[in-house]
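K.L.:
Please read through the structure below; I'll follow up with questions.
The values are calculated or read from the model by the stated rules, or taken from the named source; none is laboratory data. Keep in mind it's a predicted model, so treat the numbers as computed, not measured. Heads up, the Cβs are rebuilt from the backbone with ideal geometry, glycines too, and the neighbour counts pull from every protein chain shown.
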Amino acid sequence: MRLSTCKTFTDDRLGIAIYHFVSKRLEFRTLLKSSNSGLDTGQFIRLLCLASADIAIAVPLDIYLIISNAAGLVPYSWSQIHRDFNTIPAIPADTWLSDSQLIIDVALWRYVVPMLGFILFVLIGMTEEAIGEYTKLAKRVWFAIPGTRRRK
């Protein structure tokens, strides 16, 4: 499972960026234009939405996983970590379904990760530029099929 403890610093910076963006919108537009970053306001807002979704969904999940995994800490042993390294255990469903904590951990990763992927696609993959690229690709694939002709 993924534990991203170093996200705290970047999430803190994101909160500061959102505060400054909301409080100084006009100055921000001129700053984006003068910085030669290649970002326009719409792109920056999509980036803020993506980072906000990360803060709202992934950070609480990471905190929960850190706390729930901290309960079973054992002293670190390199030999213990690599013992039976080439073995993939088969655990019957009734064994792991009897542990409510494990069910929660598995269900969170089963649904949250695809949801974050969907949010990422909506915010980045549905821009005008991306849709234009999808259209070009669809035309190339369509006209590569034998029997289809290009329109004039």
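K.L.:
So which residues in segment 104-145 are over 29 Å from S52 (Cβ atoms) and either part of a helix (DSSP H, G or I) or in contact with a His (Cβ under 6 Å, 6 or more places away or on another chain) (or both)?
P.N.:
T135, K136, L137, A138, K139, R140, V141, W142, F143, A144
K.L.:
Give L61, L97, L102 a once-over and let me know the one that is touching a Phe, Trp or Tyr at 6+ places or on another chain (Cβ under 9 Å) and over 30 Å from M126 (Cα atoms).
P.N.:
Criteria check complete, one pass: L102.
K.L.:
To continue, here is another question. Give all pairs with beta carbons closer than 7 Å in which a residue from segment 123-152 that is more than 29 Å from R46 (Cα to Cα) meets a residue that is in a helix (DSSP H, G or I); count only pairs at least 6 apart in sequence or on separate chains.
P.N.:
T148/W142; R150/F143
K.L.:
Separate question: Among the residues that make up segment 12-24, is at least one of them modelled with pLDDT of 75 or more, of a type in the set (F, W, Y) and surrounded by 10 or more Cβ atoms within 10 Å (Cβ to Cβ)?
P.N.:
Yes, that holds for at least one residue.
K.L.:
Here's another thing I want to ask about it. List the number of the failed condition for T41; all other conditions in (1) of a type in the set (V, I, T); (2) exposed (fewer than 10 other Cβ atoms within 10 Å of the Cβ); (3) at pLDDT below 80 hold.
P.N.:
Result: T41 passes all but (2).
K.L.:
So in segment 61-81, with the set limited to residues that are closer than 21 Å to R13 by Cβ and modelled with pLDDT under 85, which one is surrounded by the fewest Cβ atoms within 10 Å (Cβ to Cβ)?
P.N.:
Result: I66.
K.L.:
What is the residue count in segment 130-152 for residues that are surrounded by fewer than 10 Cβ atoms within 10 Å (Cβ to Cβ) and acidic (D, E)?
P.N.:
Of the residues in that region, 0 qualify.
K.L.:
Okay, next question. Find the residue count for segment 36-91, including only residues that are among the hydrophobic types (A, V, I, L, M, F, W, C) and within 22 Å of F118 (Cβ to Cβ).
P.N.:
Looking only at that region, the number is 15.
K.L.:
Ok, one more. Quick check on my filter: what residues within segment 22-41 are assigned to a helix (DSSP H, G or I) and either more than 16 Å from L123 (Cβ to Cβ) or free of Cβ contacts under 8 Å to residues at least 12 places away in the same chain (or both)?
P.N.:
V22, S23, R25, L26, E27, F28, R29, T30, L31, L32, K33, S34
K.L.:
Could I ask something else about it? Can you pull out the residues in segment 42-87 that are among the aromatic types (F, W, Y) and assigned to a helix (DSSP H, G or I)?
P.N.:
F44, Y64, W78
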